[in-house]
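Quick note: the coordinates plus some simple rules give every number you see, no bench work behind them. On a predicted model such as this, the values are computed, not experimentally measured, just so you know. Here the Cβ is made from the backbone with ideal geometry for all residues, glycine too, and neighbour counts use every protein chain on show.
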Amino acid sequence: MGGGISHFSGGLNNAERKVGAAKRKKLWLLAFEEHGTIKAACEVAGIARNTYISWMQHDLEFVKVYEDMKRSFAESLETIALDRVKNPDKGKGSDVLLITLLNSNMPWKYRPQVAMNEDYAKELIFEWRKAAKEMAKEIPKEEVLSQDVEKTLTDILEKRKGGKDTEGEKNA
């Protein structure tokens, strides 16, 4: 190739490519702050997703600004939510989707922190039953359930418990 122009550079020298990349990064970051998705930001900046991935892997300053833009987008969702609280008649859009976006973008603040596994739930039910039996002892006899009703309830609970244990053993 003659004239020192690289086939791949499209006639741009190194400095011009760096300026162009810096402009695309800035455009991408502003689009991400506004739209909140990588796909939308790539489309606005006119870059491939692989370019974004490369920037994330090799440009620490880009990663830092990206995190700032991510938080800024999340805060804009929070602003929308607060506006809906203050002006409920004005709000348009899905509250459920807004909550989902807040959960996704600010999980430390909006995602429920209580996680209950199946064993813990079973333990809670057992404790509630135990407490109910203790309370039943304190209730005068005329207010206690008849033996037939109590036996029926106990049988139903045992059948349900037995059915679930059998299924669990099959899957184990």
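Taking 0.36 nm per residue of separation and subtracting the Cα-Cα distance, full extension of the segment from A121 to Q57 would add 18.8 nm.
Here F32, F62 are placed in order of increasing Cβ neighbour count within 10 Å, fewest first, which gives F62, F32. Between E67 and R111, the modelled labels are 1.7 nm apart [label points 7 Å from Cα along Cα→Cβ].
The Kirkwood radius of region 14-110, taken over pairs of alpha-carbon atoms, gives through the Stokes-Einstein law at 37 °C and 0.692 mPa s a diffusion coefficient of 223 µm² s⁻¹. Remark: W108, W28, W128 ranked as W108, W128, W28, counting other beta-carbon atoms within 10 Å and listing the fewest first.
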